[in-house]
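Inspection log for the structure reproduced underneath, given as C-alpha cells.
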Amino acid sequence: MTSGLVTGGGGGKVMSLRLQYYVVLGGMAAVVLLACLRYTPTAAAVAAVGYGFWGNGGLAGAGTGGSAAATTGGGGGGAGGGARSPSRVVIFNFGDSNSDTGGMAAAMGLNIALPEGRTYFRRPTGRISDGRLVIDFICESLNTPHLSPYLKSLGSDFSNGVNFAIGGSTATPGGSTFSLDVQLHQFLYFRTRSIELINQGVRTPIDRDGFRNAIYTIDIGQNDLAAYMNLPYDQALYGQGGRKFWVHGTGALGCLPQKLSIPRDDDSDLDGNGCLKTYNAAAREFNAQLGAACRRLRQRMADAAVVFTDVYAAKYDLVANHTRHGIERPLMACCGNGGPPYNYNHFKMCMSAEMELCDMGARFASWDGVHYTEAANAIVAARVLTGEYSTPPVRFASLVNSTAVPNDG
C-alpha cells in the first residue's frame, strides 16, 4: 500500500483529500464500467432475448442459507440431460496486497522472512500478514484450496482458479507495475492459451465450463486514493464470458495506524473511536460511487451477477466494537516500531531491524499498520460471506452453482 496524501511542507500536515474525493468519484466506477461494459449487450437486446441472470433463477434461494456443494473434481459440467451437477469452484481474483497470496514475492524474487505468515502457515508465503487473508477464508468456505499466484512458477495449482493480485497494485494504468489493466491482460493471455490447448485436445487446469462459471473477484483501489486516475481499457472480462462478479469496496482507511501516525496539529479530525474522519469520509464516498457503478452494471448486464460488497462497515466495526470481537488493540500495529498508541514509524516499519512485535497470541486488528492480521481477516471474511454487506444481499457460496447464460466468447 502507498502511504501518500502527505505534504512535504511544514508541520507534516495531511494534504486535503478534496481533490482525491472528486477523482475517486469516477475512479473505481470507471475501472469497473470500462473493464466490463465494452462488450455488454444493451438493455433492449437483453429484454428481447428474454434472459436475465436474476430473472431465470440464477441465484434462487441466495439468502436462504442453502450452501453450495463445492468440489474440485475434474471435468467441466455435463452437456447431457439429467440433473445439473454441482459446479467446480473456480475463482479469478484481481487486486492488491489485501488479496495477494504471493504474487509480489514471486514477481520480484523477494525472500520474505518470518514473522510474516507466523500463525496459520508457520512460514512466510508472500502474504503481507501474519496469516490468512480474506480471499483465503473465502476459498476455505467453499472447500477449495487457496488460490495460487499467477506468477508463481513452482508449486502452483490453477485447477480452482488463479490469483492475479499483486501487492502495491493500483486500478490506475501505469500507477504500478501490475495495475489492474495488466492483471486483466494476464487473465486474457491465460484464457486464450487455455482455449488454444483445449482446441488441440490438451487437458488444461480450467476447461471451458470453468471459465464460463467462474467467479471473478475484484479487490483493488486503496492505493488509488492517493493518485489521479486515467482508465482506458481495450479488453473486458465480460466480453470473455465472465458472468459472476464479486466486487469489494475499500476499508476504513482512517483507522489504519499508518494514517494515524502521520503528524497532525490537533485531534479535531478524530472521531469517537479514534479514527481520522477525513480519510474515512473519502473511503465511504469511494464505496458509494463504486456501488453506484455496480448498480448501473446490473441494469446493463442483465445476464450477469454483479455483487458489490462494502467492507468498510465490517472493517470499521473491528474498531468500534473491538471488545466484542476480542480485539485488544484496534488502532495499534502488531508489527512496527514506536510502541503505543500506534506502533508505526514510517522509517522503521515491520520487517526492519528495529521492529517491535506483539506476542503470538495477542489480538490485534492491524498487522503492520496497513494490512490486517489473520484474526481480523477471519472476522471480516465471516461477515462478508453472509451477504449482509452486499448489494444485492446474496451469499458468496450462492454464486458457485448459480445459472448464467453461456457465453464462450
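The values are calculated or read from the model by the stated rules, or taken from the named source; none is laboratory data. Values in this document were obtained by computation on a predicted structure and should not be read as measured data. Cβ sites come from the backbone with ideal geometry, for glycine too, and all protein chains shown count toward neighbours. Quick note on the areas: whole protein, heavy atoms, side chains included, nothing else; ligands and nucleic acids left out. Shrake-Rupley method; radii C 1.70, N 1.55, O 1.52, S 1.80 Å.
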Excluding same-chain residues fewer than 8 positions from LYS152, which aspartates and glutamates have a Cα within less than 15 Å of its Cα?
ASP100
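How much FRET efficiency would the formula 1/(1 + (r/R0)^6) give for THR177 and ASP266, where r is the Cβ-Cβ distance and R0 is 41 Å, rounded to 0.05?
Working: r = 38 Å, r/R0 = 0.94.
Once the sixth-power term is evaluated, E becomes 0.60.
For the peptides 147-155, 127-135, 192-200, what is the packing order when you average, over each peptide's residues, the other Cβ atoms within 10 Å and list the highest mean first?
Values: 147-155: 17.2, 127-135: 26.8, 192-200: 12.9.
Per-residue Cβ counts within 10 Å, averaged per peptide and sorted highest first, yield 127-135, 147-155, 192-200.
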ILE215 accessible area, nearest 10 Å², 1.4 Å probe?
0
Give the carbon-plus-sulfur fraction of the accessible surface of the stretch 302-409 in %, rounded to a whole number; probe 1.4 Å, heavy atoms of protein chains only.
55
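What's the carbon and sulfur percent of the stretch 96-198's accessible surface, probe 1.4 angstrom, rounded to a whole number?
Working: 2140 of 3910 Å².
Percent of accessible area from carbon and sulfur atoms in the stretch 96-198: 55.
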Any idea how far apart ALA362 and LYS277 come out in nm if each label point goes 7 Å out from Cα toward Cβ?
3.0
Calc'd 3J(HN,Hα), the stretch 192-200, phi into Karplus 6.51 cos²θ - 1.76 cosθ + 1.60 (θ = phi - 60°), Hz, glycine/Pro = x, comes to 4, 5, 5, 5, 4, 5, 4, 5, 8
Expected unfolding gain across VAL202-GLU354 under the 0.36 nm per residue rule, minus the alpha-carbon gap, is 49.5 nm
Using a cut-off of 15 Å between alpha-carbon atoms, which aspartates and glutamates can reach LYS244, once sequence neighbours fewer than 8 places away in the same chain are excluded?
ASP209, ASP219, ASP303, ASP408
Taking a quarter of the surface of the Cα convex hull of the stretch 91-213, what do you get in nm²?
7.8
Built amide H within the under 5 Å cut-off of VAL162, gap 5+:
ILE91, PHE92, ASN93
Would you calculate the separation in nanometres between label points at ALA292 and THR119, each defined as 7 Å from the Cα along the Cα-to-beta-carbon direction?
3.6
Could you go through the stretch 316-331 in sequence order and give the Karplus-derived ³J(HN,Hα) for each residue, using 6.51 cos²θ - 1.76 cosθ + 1.60 with θ = phi - 60°, rounded to whole Hz, and x for Gly and Pro?
5, 5, 4, 8, 4, 10, 4, 5, 5, 8, x, 8, 7, 10, x, 10
Give me the tail of P(r) for the stretch 138-199 as a percent: Cα-Cα pairs with distance above 16 Å.
54
Residue separation times 0.36 nm, minus the C-alpha to C-alpha distance between ARG324 and GLU140: what's the value?
63.8 nm
Two-decimal log10 I(q)/I(0) for the stretch 159-314, as the Debye equation yields it once each C-alpha is a single scatterer, q = 0.14 Å⁻¹
-0.81
In Å, what Kirkwood hydrodynamic radius results for the stretch 106-155 from the alpha-carbon pair distances?
11.7
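Determine one quarter of the surface area of the Cα convex hull of the stretch 312-409, which equals its mean projected area, and express it in nm² to one decimal.
Working: hull surface 38.3 nm².
Its average projected convex-hull area is 9.6 nm².
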